[in-house]
Amino acid sequence: MNVRVPAQVLESLLIPVSALLAALLLFGIFLACLGNDPLAVFHSMVRGGFGSAFAWRNTLERAAPLMLTALCTALPAQLGLIVIGGEGALVVGGVSAALAGGLAFEDQTPWLAIAAMLIAGTAAGGAWIGLVGWLKHYRGINETITSLLFNYIAIALMNHLVTGPWRDPASLNKPSTRPVGSAHMLGDMPGLGVHWGLALALALCLVCYTVFRQTTFGFAVRIAGGNPRAARLAGLPVGLLTLITCFWAGAAAGLAGSIEVAAIQGAANASLAAGYGYAGILAAFLARQNPLAVIPVALILGGISASAGLLQRSHHLPDAAVLMLQGIIFITILSSETCYGRLQPWLDSRRRA
Amino acid sequence: MNGEALGWWGVPLAILGGAIRAGTPYLFVSLGECLTEKSGRINLGLEGNLVLGAMSAYAVSYLSGSPWLGVLAAGGTGMLLGLLHAWLCSFPKVNDIAVGIALMLFGIGVAFFFGKPYIQPAAPHLPALGFGDWSASAQVRAALEINVLFLIGLGTAPLLGWFLANTRWGLMVRTVGDSRNAAEALGFPVNRVRAAATVAGGFLAGVGGAFLSLYYPGSWNEGLSSGQGLIAVALVVFARWQPMRCLYASLLFGGAGALGPALQSVGITGGYYLFNAAPYVLTLLLMAATCSPERTLSGIPGELSVTK
């Protein structure tokens, strides 16, 4: 028994790291075939993502929404659901936050306005994915397809509201809602130059890890995910667990949307649908649906995407190079799933030999 | 303008024309997805096939001067992505839905990476047949100008239906899709059948991409696809895994997408974006009406991971 545990721990570190290295190797070969120096490109990627205070700020500001949208996939995964609706929940959260901040609370004190924005965005995102969970459990509609459709519905709704009823007449080229006002924006953390949204994202990852891995609630969720019939026989309220988990998931993505509005955009507009939701799916799978592992994964992915500009300037690589690398990483990580559970038998066979 | 004389009659006409034009990519992708899902795998990556197909079709058409070579190139890249999907999913414990999302990212990345130089130049387009040439009205002619690729799709749908229902290979695909155990007991090579179905499905999705870049909208740029490849997955659910219904559903989805612009042309501009959501809401409502937690969808292949 004391041999089996280290093999599992070793596997859960060794396999993702090797998969990541394999992806970098494949991407390096691809770059070399095109006549680029892969090592120079990788060096630029590290420099562009983590090489300076500016690069770190850029990376961290991209990592914060990624952590939250990754939770949107990782939490329902504890129940065995594949939810890919992070993009939609983020958009819905952002629009609701802009509405709360820009219209309803314009004369309030800053902290009240900010709180209203974050709560509105979180609640709206939660309701959005909560509805996906409801449709899954009570109507039997596949959550992957529903959440996918919900993304498009959310974006259409946002475009409708932003260009129509809630449009700020002053926004000419880029239709937006009314700006929330600089006084009501989410500020930077002292000394870091990164907005408070990062702290919220980190905190939520920690809370989710604790709740889903250390409490009876999380245990119940994972039982329901492993075997719904057994969970029902044991008297667990599977429907309620589904609803609560999906609400948390959507709330995380909705929080990402309200942070984008409250700390970066200042209003809701089409920039909200920038692909954080889809990159979050990647982050969740990279982290093997573990809310704590989401943090380093989001940092790596944020760093990679932050380096796109430098790659373009110093190696003349199109910014899609980053998209490609993300795709390759995703592919190798998913393929590496097949390696789990093979290390122990391999070690055993060596010992016997 | 003779066309303006049509007035309100222009709306159904524009919807019909739009249904055929906007429905063609849906048609090809959904037929491809239908075939793949019939074999028991779901490929969410067809959006990647569509975008990469659009790019390679445009590039090859521009470089060779022949749009049909472009269509073949699109199908070819689609097959490669399909092969990659099939190969990765043949390993145990690898999730086909997640691999699909990964390949979608990858395909789009590759397309944007190599597609940069082709955003500006104009490539030769696919020919269209003017079924409306008898009419003096420009609107009628525009609506009835039908691309050859749509006609090919129109033929492919019943052909695929016949293949699945009446041939030995079709039976093999359906058996593999309904029960792995039964298929193995019969000695069918499960992974190879699924690979063949995924590759063929990838080909069709790639061809759908060629229609986007070589006919309508008819240029290559990074915002070319608005998620048609992903919507086609929902469309197949909507069509209950029957190729002929995929045809009707594609026309319906294309028409629903054309509703907004058509109404805009007669002066109804409010809710333009809401009409964009029409196909998605429609799918959702239909699924809500036909699903229930007690039983799965009728017609769904038993091995499909969304049924479990």
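The values are calculated or read from the model by the stated rules, or taken from the named source; none is laboratory data. Bear in mind the structure is a predicted one, so any value in this text is a computation, not a measurement. Every residue, glycine as well, gets a Cβ built from its backbone with ideal geometry; the counts of neighbours run over all protein chains shown. SASA here: full protein model, heavy atoms, side chains in, ligands and nucleic acids out. Shrake-Rupley method; radii C 1.70, N 1.55, O 1.52, S 1.80 Å.
Could you please find all residues in the range A:298-325 being open to solvent by less than 20 Å² (accessible area, probe 1.4 Å) and more than 10 Å from every other protein chain (Cβ to nearest Cβ)? Correct list: A:Ala298, A:Leu301, A:Gly302, A:Gly303, A:Ile304, A:Ala306, A:Ser307, A:Ala308, A:Leu311. Number of residues in the range B:1-36 that are modelled with pLDDT under 95, touching a Leu at 6+ places or on another chain (Cβ under 8 Å) and among the charged types (D, E, K, R) equals 0. Scanning the range A:1-60 for residues that are in contact (Cβ under 8 Å) with a residue 24 or more places away in the chain, surrounded by fewer than 17 Cβ atoms within 10 Å (Cβ to Cβ), charged (D, E, K, R) and farther than 30 Å from A:Leu347 by Cβ gives a single hit, A:Arg47. With a requirement of 1 or more residues that are surrounded by fewer than 21 Cβ atoms within 10 Å (Cβ to Cβ), at pLDDT 90 or above and of a type in the set (Lys, Arg), the helices (runs of 4 or more DSSP H) lying completely within the range A:127-236 that satisfy it span A:197-214, A:216-226.
Which one of these is closer than 17 Å to B:Leu13 by Cβ and either aliphatic (A, V, I, L, M) or surrounded by fewer than 21 Cβ atoms within 10 Å (Cβ to Cβ) (or both): B:Leu251, B:Leu235? Even if it seems obvious, please write down each step before you answer.
Numbers: B:Leu235 fails: closer than 17 Å to B:Leu13 by Cβ.
That would be B:Leu251, the only listed residue that is closer than 17 Å to B:Leu13 by Cβ and either aliphatic (A, V, I, L, M) or surrounded by fewer than 21 Cβ atoms within 10 Å (Cβ to Cβ) (or both).
When B:Val94 is tested against (1) at pLDDT below 90; (2) away from chain A (no Cβ under 13 Å); (3) surrounded by fewer than 21 Cβ atoms within 10 Å (Cβ to Cβ), just one condition goes unmet, and that condition is (2).
Each row is one residue, and each column tells you yes or no for (1) at pLDDT below 90; (2) closer than 22 Å to A:Val9 by Cα; (3) part of a helix (DSSP H, G or I).
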position	(1), (2), (3)
A:Asn290	no, yes, no
A:Ile295	no, yes, yes
A:Ala298	no, yes, yes
A:Leu311	no, no, yes
A:Ser335	no, yes, yes
A:Gly341	yes, yes, no
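I'm checking my understanding of the structure. Among residues of the range B:172-226 that are of a type in the set (Phe, Trp, Tyr) and out of contact with any Phe, Trp or Tyr (no Cβ under 6 Å at 6 or more places or on another chain), which one is most open to solvent (accessible area, probe 1.4 Å)? Taking the candidates together, the pick is B:Tyr216.
Within the range B:252-273, can you find the residues that are within 13 Å of chain A (Cβ to nearest Cβ) and touching a residue at least 12 places away in the same chain (Cβ under 8 Å)? Within the range B:252-273, B:Phe253, B:Ala256, B:Gly257, B:Leu259, B:Gly260, B:Tyr272, B:Tyr273 meet the criteria.
Modelled with pLDDT under 95 and either buried (at least 21 other Cβ atoms within 10 Å of the Cβ) or part of a helix (DSSP H, G or I) (or both), is that true of B:Ala57?
On the way: modelled with pLDDT under 95: no; either buried (at least 21 other Cβ atoms within 10 Å of the Cβ) or part of a helix (DSSP H, G or I) (or both): yes.
In short, no.
Given A:Ala262, A:Ala274, which one is buried (at least 24 other Cβ atoms within 10 Å of the Cβ) and in the same structural domain as A:Ile82 (by TED's automatic domain parsing)? So the residue among A:Ala262, A:Ala274 that is buried (at least 24 other Cβ atoms within 10 Å of the Cβ) and in the same structural domain as A:Ile82 (by TED's automatic domain parsing) is A:Ala262. Selection of helices (runs of 4 or more DSSP H) fully inside the range B:218-308 by the criterion of at least 1 residues being farther than 22 Å from B:Thr198 by Cβ returns B:243-265, B:272-276, B:278-290. Taking the conditions (1) touching a helix residue (DSSP H, G or I) at 6+ places or on another chain (Cβ under 7 Å); (2) touching a residue at least 12 places away in the same chain (Cβ under 8 Å); (3) under 29 Å from B:Val60 (Cβ atoms) in turn, B:Phe163 satisfies each one other than (2).
Check B:Leu50 against each of (1) farther than 15 Å from B:Val233 by Cβ; (2) away from chain A (no Cβ under 14 Å) and name the one condition it does not meet. Checking B:Leu50 against (1) farther than 15 Å from B:Val233 by Cβ; (2) away from chain A (no Cβ under 14 Å), the one that fails is (1).
Scanning the range B:107-148 for residues that are within 14 Å of chain A (Cβ to nearest Cβ) and open to solvent by less than 40 Å² (accessible area, probe 1.4 Å) yields a total of 8. One residue stands out in the range A:77-87 among those that are within 13 Å of chain B (Cβ to nearest Cβ) and out of contact with any Phe, Trp or Tyr (no Cβ under 9 Å at 6 or more places or on another chain): the one that is surrounded by the most Cβ atoms within 10 Å (Cβ to Cβ), namely A:Val83.
Do we have any residue at all in the range B:4-17 that's open to solvent by less than 10 Å² (accessible area, probe 1.4 Å) and assigned to a loop (DSSP other than H, G, I, E, B)?
no
Within the range A:326-353, track down each residue that is open to solvent by less than 20 Å² (accessible area, probe 1.4 Å) and among the aromatic types (Phe, Trp, Tyr). Selection gives A:Phe330 alone. Among the residues of the range A:68-89, is there at least one that is of a type in the set (Val, Ile, Thr), part of a helix (DSSP H, G or I) and more than 20 Å from A:Ile155 (Cβ to Cβ)? For the range A:68-89, residues of a type in the set (Val, Ile, Thr), part of a helix (DSSP H, G or I) and more than 20 Å from A:Ile155 (Cβ to Cβ): absent. Exactly one residue out of A:Val211, A:Val207, A:Val194 is touching a strand residue (DSSP E or B) at 6+ places or on another chain (Cβ under 7 Å) and more than 19 Å from A:Ala116 (Cβ to Cβ), and it is A:Val194. Condition test on B:Gly82, is it closer than 24 Å to B:Leu251 by Cβ and open to solvent by less than 20 Å² (accessible area, probe 1.4 Å)? Here the answer is no, as B:Gly82 does not meet what is asked.
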